[in-house]
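The next block holds one structure in the form of structure tokens; read it before the comments.
The values are calculated or read from the model by the stated rules, or taken from the named source; none is laboratory data. Not measured: the values here are computed from a predicted model. Cβ coordinates were reconstructed from backbone atoms using ideal geometry, including for glycine residues, and neighbour counts include every protein chain displayed.
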Amino acid sequence: MSKVINVLATMASNPSLVSNKEITALLANADISNEQKKAILAQDSERLADTIADFPISMCSVIFPAEDEEQEGQEENKDETTEKTLAYAINS
């Protein structure tokens, strides 16, 4: 995988690599598979990823924190205290 990354890094850091001819010349000397070269030329990132056996799989997910039971209990106590205070104020 590091060879592919090195080729991609070279392409990204070299502003003279703008045409397919120049990119093809770079890839001709690169030590990567023909399938990887074709994927790079086709600008097909999924196809390129499929050619890399040890490519890490990235997954994103949204995690909602569980509500804290202690916090819920405190909120219920606040509600009860507020109700008692209001009842006392009304009855006074």
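Of note:
- Candidate set from segment 32-50 (those that are of a type in the set (Asp, Glu) and within 20 Å of residue 19 (Cα to Cα)); member that is modelled with the lowest pLDDT: 44
- Of the residues screened, residue 53 is not one that is of a type in the set (A, V, I, L, M), at pLDDT below 65 and either surrounded by fewer than 10 Cβ atoms within 10 Å (Cβ to Cβ) or part of a loop (DSSP other than H, G, I, E, B) (or both).
- Residue that is farthest from residue 40 (Cα to Cα), among those in segment 1-19 that are surrounded by 10 or more Cβ atoms within 10 Å (Cβ to Cβ) and of a type outside the set (A, V, I, L, M): 14
- Cross-chain or 6+ apart pairs with Cβ under 8 Å, segment 6-30 first and without any contact (Cβ under 8 Å) to a residue 40 or more places away in the chain, then of a type in the set (Asp, Glu): 16/22
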